[in-house]
Amino acid sequence: MLYSKFLKMHIQTSMQYRFNTIFIGLTQAIINIGEVLSVYILFSQFKSVQGYGFYECLLMMGIIYTVFATAECFARGYDEFHKLIKSGEFDRMLIRPVNIHYQILGSKIELTKLTRVILGIILVIIALIHLNITWNILKILVLISTFICGFLIITGLFIISATISIFTIEQFEFVNIFTNGAKEIAYYPINIYAKWMTRIFTYIIPVACFNYLPLSYLLEIGNIPMWLCAISPLLGMLFIIPCIIIFNLCLKKYKSTGT
Amino acid sequence: MASIIDFTDICKTFKVPLRAKGKFSMFKNFFARKYKTIEALKNITFKVDEGDIVGYIGPNGAGKSTTIKIMSGILTPTSGNCVINGSVPWKNRREFVKNIGVVFGQRSQLWWDVPVIDSFELLRDIYKIPREEFDKTLELLNDALNLDDLLNRPLRQLSLGQKMKCELAGSLLHHPKILFLDEPTIGLDAITKLAVRDFIKFINKKWNTTIILTTHDMNDIEALTNKIILIGKGQILYQGSFENIKNQYSSSKTIVVEFAKDYDDIHLDGYETISHEKRFATLKNLPSKQFHPKEFVNEITRSYDIVDFQVTSLSVDEVLAKLYKEYEIVER
């Protein structure tokens, strides 16, 4: 399959700079561990934030780390789309008889982000051990779909950022408010924030769908109907569809750069 | 013969933001940006027959790359029709690009850090080339370009010339009907240049591939093309054979004459004396006067005693520079 060839090429490239790859991978994980520690210290002072304890937050952090790093690893092409345009690589993609999204996904696979994915999964496991959850098949399915939903939403945000670079060529820093903002905000169950913020990150950018909504379902808490919490990750996944449609429409306006 | 490329009245305009200056210019630029419309291409019309090698020339910024990008389906023109190989490039892009190959002289299509052969293998998957056909094509390209030692080395270790050879091979693996070459000989040494030229000719003969070539090297044009299209400021100024245009300008000759003794004044009907110093003089034929060596010798020996003379005509580069100036298409 073509994608496995792309993957093989990226692995080969990182193997050329083995030390660098390992070093970057480790530093990235260490930064995240620092963040986890700061949250831990916070909770050792306050015990709970709006009824949520440390392990609820740890679960949220684990999920956002995992999905964000997975998106950064496999959907890096959208995240750094301005580079593809500037280097002319995107022009090159347009003359290949392969779907453009497939090529963008294959163009950049950032393997150093995998350390963050592993860290995220470890955090999730630690949190789940400490949280008092009565497991059943449905809950496992909701948990799995939460990860998929998170990955698709972050990727959708990257696609929006890429869409803007079609016009600006440069990366538009304003978009970072949404990509990095969504990431930072999702360290905690987002219903602890001000109402308007919770609303933005529920209805416009549906971060809630891989955040407090599935968490409510797993813990069986809160006053939102349980069935809605259960299907929320599935609803969140739909976010990527308009993102792709908008990208495809804007692509028609693509101007390319000089030689 | 049917034309493989048919360009009719293609126009392309770009909107470029004007940068406001002065106080608060940053805010003005951000919130109320004004745009200027630039006409990159104006009513470009031409036809190319199958198996032709066409030189697409013009000064920097004339619109060459824009045309190539429209022809390869990367850009959509503002107006006009374009049929290439029976289809419109920007519609049904994925089907269309199977039959074209593109080499941008200053950009690589191969992977920097992996052996060249792996990049080729990736291209094989991208174009879904059957293994047997791929091996056969690769063997052919290998023989023609001597790639043997290069294929197993990462691209970054290759010289510019070696890279260009690999780029050319890479763009031909899928046996395209049309090949676009954007400055294929830029920065190459003399030997590699010749090798690249020979290869372009070879592929054109072997596969009857139609080749569109942009270049600033007039020797490329002379050696390869059977038709040129001259473009300036987004308009076509000339299309036809290069010989025509060359003859038109090369009729002007410069003759350096060495005389047997000093003359006070050199005067010859139909010729202009450009410089005269002691026993040497430089003459130039007037536009009305056709230069014939025999006639010239007869005429000059009638009045003067000469030892030697040397005739030079304009080089192809000078012809082109003259042409650019005449059409006033050089950016100042």
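The values are calculated or read from the model by the stated rules, or taken from the named source; none is laboratory data. All values derive from a computational prediction rather than experimental measurement. Neighbour counts run over all protein chains shown; Cβ positions are idealised from the backbone, glycine included.
Consider B:ILE38 against the criteria (1) surrounded by 15 or more Cβ atoms within 10 Å (Cβ to Cβ); (2) more than 8 Å from chain A (Cβ to nearest Cβ); (3) of a type outside the set (Gly, Ala, Ser); (4) touching a Ser or Thr at 6+ places or on another chain (Cβ under 9 Å): it satisfies all of them except one. Which criterion is unmet?
(1)
Restricting the search to the range B:62-111, which residues are facing chain A (nearest Cβ under 8 Å) and in a loop (DSSP other than H, G, I, E, B)?
Of everything in the range B:62-111, those that are facing chain A (nearest Cβ under 8 Å) and in a loop (DSSP other than H, G, I, E, B) turn out to be B:SER72, B:GLY73, B:ILE74, B:LEU75, B:THR76, B:GLN106, B:ARG107, B:GLN109, B:TRP111.
Looking at (1) over 19 Å from the mean Cα position of the chain (by Cα); (2) surrounded by fewer than 19 Cβ atoms within 10 Å (Cβ to Cβ); (3) of a type in the set (Phe, Trp, Tyr), find the lone condition where A:TYR217 falls short.
Evaluating A:TYR217 over (1) over 19 Å from the mean Cα position of the chain (by Cα); (2) surrounded by fewer than 19 Cβ atoms within 10 Å (Cβ to Cβ); (3) of a type in the set (Phe, Trp, Tyr) leaves (2) as the failure.
Every residue, every condition in (1) under 22 Å from A:ASN132 (Cβ atoms); (2) without any contact (Cβ under 8 Å) to a residue 12 or more places away in the chain, yes or no:
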{"residue": "A:THR13", "(1), (2)": "no, yes"}
{"residue": "A:GLN28", "(1), (2)": "no, no"}
{"residue": "A:GLY34", "(1), (2)": "no, yes"}
{"residue": "A:GLN45", "(1), (2)": "no, yes"}
{"residue": "A:GLU56", "(1), (2)": "yes, no"}
{"residue": "A:MET61", "(1), (2)": "yes, no"}
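Based on this model, can you work out whether B:PHE27 counts as surrounded by fewer than 20 Cβ atoms within 10 Å (Cβ to Cβ), away from chain A (no Cβ under 13 Å) and not in a strand (DSSP E or B)? Let's see the steps before the verdict.
Working: surrounded by fewer than 20 Cβ atoms within 10 Å (Cβ to Cβ): yes; away from chain A (no Cβ under 13 Å): yes; not in a strand (DSSP E or B): yes.
In short, yes.
I'd like to verify a number: residues in the range B:112-149 that are away from chain A (no Cβ under 11 Å), surrounded by fewer than 18 Cβ atoms within 10 Å (Cβ to Cβ) and closer than 17 Å to A:SER4 by Cα, how many?
So the answer is 1.
If you scan the range A:3-23, which residues turn out to be over 24 Å from the mean Cα position of the chain (by Cα) and of a type in the set (A, V, I, L, M)?
Answer for the range A:3-23, where residues must be over 24 Å from the mean Cα position of the chain (by Cα) and of a type in the set (A, V, I, L, M): just A:MET15.
Among B:GLY86, B:GLY58, B:GLY51, which is the only one that is over 18 Å from the mean Cα position of the chain (by Cα) and at positive phi?
Working: B:GLY58 fails: over 18 Å from the mean Cα position of the chain (by Cα); B:GLY51 fails: over 18 Å from the mean Cα position of the chain (by Cα).
Sole residue among the options that is over 18 Å from the mean Cα position of the chain (by Cα) and at positive phi: B:GLY86.
Quick one: in the range A:15-26, which of the residues that are of a type in the set (Val, Ile, Thr) and in contact (Cβ under 8 Å) with a residue 40 or more places away in the chain is nearest to A:ALA186 (Cα to Cα)?
Here is the first cut: in the range A:15-26, the residues of a type in the set (Val, Ile, Thr) are A:21-22, A:24.
Checking which are in contact (Cβ under 8 Å) with a residue 40 or more places away in the chain leaves us with A:21, A:24.
Values: A:THR21: 28, A:ILE24: 24 Å.
Top of the filtered list is A:ILE24.
Quickly run through the range B:153-165 and pick out the residues that are part of a loop (DSSP other than H, G, I, E, B) and within 13 Å of another protein chain (Cβ to nearest Cβ).
Quick first cut of the range B:153-165, residues part of a loop (DSSP other than H, G, I, E, B) only: B:153, B:158-159.
Within the range B:153-165, B:ARG153 is the sole residue that qualifies.
For the range A:52-64, state whether one or more residues are surrounded by fewer than 18 Cβ atoms within 10 Å (Cβ to Cβ), at pLDDT below 90 and either in contact with a His (Cβ under 8 Å, 6 or more places away or on another chain) or not charged (D, E, K, R) (or both).
The answer is no, given that none of the residues of the range A:52-64 is surrounded by fewer than 18 Cβ atoms within 10 Å (Cβ to Cβ), at pLDDT below 90 and either in contact with a His (Cβ under 8 Å, 6 or more places away or on another chain) or not charged (D, E, K, R) (or both).
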